1. Considering every residue within the stretch 97-106, establish whether at least one is under 24 Å from the mean Cα position of the chain (by Cα), within 26 Å of Ile479 (Cα to Cα) and polar (S, T, N, Q).
2. Step by step: first the residues of the stretch 421-446, then only those that are without any contact (Cβ under 8 Å) to a residue 24 or more places away in the chain and polar (S, T, N, Q), then the one that is nearest to Cys258 (Cα to Cα). Which residue is that?
3. Could you run through the stretch 316-337 and say how many residues are farther than 25 Å from Ala461 by Cα and open to solvent by 30 Å² or more (accessible area, probe 1.4 Å)?
4. Given the conditions (1) outside any strand (DSSP E or B); (2) open to solvent by 20 Å² or more (accessible area, probe 1.4 Å); (3) at pLDDT 95 or above, and given that Gly382 satisfies all but one, which numbered condition is not satisfied?
5. Do you know which residues across the stretch 137-173 are among the hydrophobic types (A, V, I, L, M, F, W, C) and either under 21 Å from the mean Cα position of the chain (by Cα) or part of a loop (DSSP other than H, G, I, E, B) (or both)?
6. Consider Tyr234 against the criteria (1) open to solvent by 10 Å² or more (accessible area, probe 1.4 Å); (2) in contact with a helix residue (DSSP H, G or I) (Cβ under 9 Å, 6 or more places away or on another chain); (3) within 30 Å of Trp65 (Cα to Cα): it satisfies all of them except one. Which criterion is unmet?
7. Any idea which of Gly454, Gly448 is modelled with pLDDT of 95 or more and not charged (D, E, K, R)?
8. When you scan the stretch 283-302, how many residues do you find that are part of a strand (DSSP E or B) and among the acidic types (Asp, Glu)?
Amino acid sequence: MKFSFLGRQEKPEVELKTIYDAIVVGSGAAGGMAAHVLTSHGMKVLLLEAGKKLDIDSELKSMEWPYEHPRRGEMPPGHHALSFNEYTIRKPPYAEGASYKHVHSYVQGWRGPDYSRNIVVDEKDHPYTGTNYAWVRARCLGGKTNIWGRLALRLSDYDFKARSRDGFGEDWPISYKDIAPYYDKVDLYLGISGQNENLPYLPDSLFQRPTKLNYAEVRLRQSIAKMGRVLTPYRAGVTTDGLKHNKFRSRCYGRGACGRRAGGCDIHAAFDSPTGLIYPAMETGNLTLRTNAIAREVLVDKNTGKAGGVAFVDSETLKAYEAKAKVVLLAASTLESARLMLLSKSSLYPNGIGNSSGHVGHNFCEHVMGPSVTGFVKDLAGKPRTLDDGRPGGFYVARFRNLKERHPKFLRGYGFEGGSGLGMFPGNAYSTPGFGAEYKKKVRENAGAFIHMGSFGEVLARYENYADLDPEKKDRWGIPVLRFHYKFGDNEKKMAEDMADAAQEMFQAAGFEVLEVDRKILTEGWSIHELGTARMGADRKKSVLSQFQQSHDVKNLFVVDGSSHVNAACQNPTWTIMALCWRSCDYLAGEFKKGNL
């Protein structure tokens, strides 16, 4: 293999006659981690990715000034980003009948969408049906890790043992002590920025240097501390001190693009699966990569009932292929892995592979978003300009509901993400009245004086929230698509009311002028944190996987992405997905060497 610093590789011919030790479907956070761990154990692995291998640095161009782009970062004519109103008023498939040549998810409505246009999917090629849902997908090497929000949080026993605390749902078959060593491994291998707070409900990581809070953020931290609440610097999956063991990544030096694009880091200080996991795995000589490979079925050995490989379609030539392996790992994302399991029907598994419990696709959960607050910090008006949008994040307010005292209206909790300070483009320019020199003067004076935070709350995992296969609709490649049966319930709606009230309360307590309290709930799926469609559990009748993400029905089938979550908690899931995957792959490799798979 030939690599440069950024891991570019001449595409190899993939030998499909080989029986690999393992096939991994998907190359995002879970797929990349599976490839890393299994190859480090000496296993020969084939990694299948449905999309292309992009030159991600040429896509993101974070050093490009807005005036250097022909449309100041906007997409070319014929491309359209779905809006909140479209998701709310219309029903999926959202791109059907659209006059635009290309239709993308809502993230392409953010600033600089042309830099992520080739990372996210075209909704015309990837339809889905059913209830309203804002499904954000990225089909390329690394998946959504190329543009993720970077917040890297741990779960605790408040989450793993939530049923024992409030009686709803199921406990996980693991506790924090089981996964803590693997959180540590992820921290050390990939790098994480943050500050210790010693909170039992938001465990600390092995942090590198934190990003500094600015004046308004420190003021809010000090104020809400009097209320028994904790604001901490953004816990970012970013290396701020550098990683001596990884030549494909650089430390963060706050150069200013983090707050100006849909996401992504082309110096790779922020974790992404290719530079963080896949390229190092390639250097072991044990990993084979096949891009443009859309998995359509897990193959089954009729004699043994075990998984025998994966059937896939080349996304460009439309040719069908089969790859064989002794173990199959699904890491295609929560919804796509469930879809693949449901697609994999046979005489042995008439309801889909690994689905004897009937729970595949069910217990679907995520995070409810929408309620937020915007404030004005009068002390900062007219102050000298500062650089605040070069940070990988601003702050995080940890959960404070249903910890010691039970809230009378809802179960579980929520947190806030937020930030303050000055960006390259003053967002207040749109809302500031006026014209001419006085208008410009006012915009400049107030540009760094705003603070905002928005909420992420746990959506309860309920059996009646699920996705199945549409019996008629197919995607561009002739594969049946997912159909959603998913809605927020009363618990989420009551929680959202409290989110808005609490946000307003905290800003007022800090002495900020509250400019807006947004109380609307964003469309289901907006969080991009889909979880729980093949949950783990000790009871085979109510779960799909074991504590090691191993199918109860098919011992050489593992599902190592967010599908295995028993609940969503309120913390962003990426770090937990990778820690669980690392733990499961260590177990898998041990069982493989013993001949038990």
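The values are calculated or read from the model by the stated rules, or taken from the named source; none is laboratory data. Here the structure is a predicted model, which is why all the values come from computation and not from measurement. Neighbour counts run over all protein chains shown; Cβ positions are idealised from the backbone, glycine included. We work out accessible area using only protein heavy atoms, side chains counted, and drop any ligands, DNA or RNA first. Shrake-Rupley method; radii C 1.70, N 1.55, O 1.52, S 1.80 Å.
1. Yes: the stretch 97-106 contains one or more residues that are under 24 Å from the mean Cα position of the chain (by Cα), within 26 Å of Ile479 (Cα to Cα) and polar (S, T, N, Q).
2. Result: Asn428.
3. 9
4. Gly382 satisfies every listed condition except (3).
5. Selection gives Ala138, Cys140, Leu141, Ile147, Trp148, Leu151, Ala152, Leu153, Leu155, Phe160, Phe168, Trp172.
6. It fails just one condition, (2).
7. Gly454
8. Total satisfying the criteria: 1.
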